[in-house]
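Every number in this text was worked out from the coordinates using simple rules, so none of it is lab data. Predicted model, so just to flag it, every value in this text is computed and none were measured. Please note: Cβ atoms are built from the backbone with ideal geometry, for glycine as well, and neighbour counts cover all protein chains shown.
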């Protein structure tokens, strides 16, 4: 199987294309990277340099289409500029077929705050891309942005059953078609557990995992890459989320770094098999 991964490449931070390539390759999936930018370190670091490579999206589309290439999966992540979203949509239109799984990670913010690349124009373009997707993996902040909700207000009410029901209602409004699955990641259910809400064609499920109360950069990228991999190897969406959540939990629990910007030490658990295949 082959996946086109449209994302940035960061030297430090264990995220984006570094996560996509290592995780999906470990699952036996060929990864064809499409770098939107090359950074010395991910944008959470106090200092970094970013080199714009966003023209690679259109170049890859043209060259790969001319070569007759095809993909079982397409994964989209960080887009440094608004105009990149148009190129990503063109790429998806060029290569998505009935046999292609398009996973869109709408990277726009976290913790109730928007990232520096966010704008109202970016939101509208991301919404168009989301409407094409088979799976989207927003965190709670990004889900609220897609739905036109106040992220801070929803975050305050997220814990508990009433909060989950509210998030389900918001996610159902964001779904663009009946076959689309939305996985809302990193919901703090309580002090001991973190949850991932799956709204799918057959209903809604909350997958919980133990948490250590710490936050790390790059876990969303790892989650998206592992989730797409598990779906492509044949798991249904709920089982894929369970396997992915277990991988993230094991990676977090095995992490020694105290600075969240460096990400989690997921390399330690890759040999065990993200989908339980080894």
Contour minus Cα-Cα distance for residue 114 and residue 179 (0.36 nm per residue): 20.6 nm
Cut-off 10 angstrom, C-alpha nodes, Gaussian network model of the chain. Which of 235, 65, 172 fluctuates the most? 65
I need to check one value: relative contact order of the range 70-180, counting alpha carbon pairs closer than 8 Å and at least 6 residues apart, in percent. 25
In whole angstrom, the spacing between the Cα centers of the range 96-144 and the range 158-236 equals 14
Of 209, 22, 47, which has the largest mean-square fluctuation in a 10 Å C-alpha GNM of the chain? 47
Report the antiparallel proportion of the DSSP beta bridges in the range 2-261 as a percent, rounded to a multiple of 5. 45
Spin-label model distance (nm) - residue 49 vs residue 258, 7 Å beyond Cα toward Cβ: 3.0
